[in-house]
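Participant: First the structure, which I've put down as structure tokens, then a few questions once you've had a look.
The values are calculated or read from the model by the stated rules, or taken from the named source; none is laboratory data. A quick note: this is a predicted structure, and the numbers were derived from the prediction, not measured. All Cβ positions, glycine included, derive from the backbone under ideal geometry; neighbour counts span all protein chains shown.
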Amino acid sequence: MPKAGRTVYQTVWNKTPQKRLKQIHDYIKYKKLEPLSAERLTNELISFGDKLCISPGSRLIIKELSNDRFTYRTATYKKVYRFIFRINEKRRQVIITNLFHNKRDPARLRKY
């Protein structure tokens, strides 16, 4: 139950982070041959993503991606996985637009 005076948001996962989540899962399950770890990490990432709806405005703004239309924010899970999201105040939604491993080339961020 949200505290009084706190705005309630809904978390929405776009197709790109859904695809990335499956890629992360499959990589750990099939390449590293750790199916239990893959399931556990997938569940943890989903849970973390869904919790972004709690005080989403407190997360860091990504100036390189933000523009007049959207302000993009970031949250990092266990210093390894980075979530990119924006807030739709009108619909009270936190929209996750990307998810990736921090070791990926940051210049690729612009593509998303």
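Participant: Return a yes/no flag: does the range 33-50 have any residue that is among the aromatic types (F, W, Y), modelled with pLDDT under 95 and not in a loop (DSSP other than H, G, I, E, B). Outline the logic, then answer.
Facilitator: Residues of the range 33-50 among the aromatic types (F, W, Y): 48.
Keeping just the survivors that are modelled with pLDDT under 95 gives none.
Within the range 33-50, none of the residues are among the aromatic types (F, W, Y), modelled with pLDDT under 95 and not in a loop (DSSP other than H, G, I, E, B).
Participant: I'd like to check something: does the range 7-15 contain any residue that is loosely packed, with under 13 Cβ neighbours inside 10 Å, closer than 23 Å to R91 by Cβ, of a type outside the set (D, E) and without any contact (Cβ under 8 Å) to a residue 24 or more places away in the chain?
Facilitator: Yes, because at least one residue in the range 7-15 is loosely packed, with under 13 Cβ neighbours inside 10 Å, closer than 23 Å to R91 by Cβ, of a type outside the set (D, E) and without any contact (Cβ under 8 Å) to a residue 24 or more places away in the chain.
Participant: OK, next. Looking at the range 29-64, which of the residues that are of a type in the set (S, T, N, Q) and exposed (fewer than 14 other Cβ atoms within 10 Å of the Cβ) is nearest to E89 (Cα to Cα)?
Facilitator: Restricting attention to the range 29-64, the residues satisfying the condition of being of a type in the set (S, T, N, Q) are 37, 42-43, 47, 55, 58.
Now restrict to residues that are exposed (fewer than 14 other Cβ atoms within 10 Å of the Cβ): 37, 43, 47, 55, 58.
Details: S37: 36, N43: 27, S47: 22, S55: 12, S58: 14 Å.
The residue in question is S55.
Participant: Also, I was wondering about something else. From S55, S66, grab the single residue that is touching a strand residue (DSSP E or B) at 6+ places or on another chain (Cβ under 7 Å) and modelled with pLDDT under 95.
Facilitator: Going through S55, S66 in turn, the sole match is S66.
Participant: Still on this structure: Could you please find all residues in the range 58-97 being under 13 Å from T11 (Cα atoms) and either outside any loop (DSSP other than H, G, I, E, B) or of a type in the set (A, V, I, L, M) (or both)?
Facilitator: F83, I84, F85, R86, I87, N88, Q93, V94, I95, I96, T97
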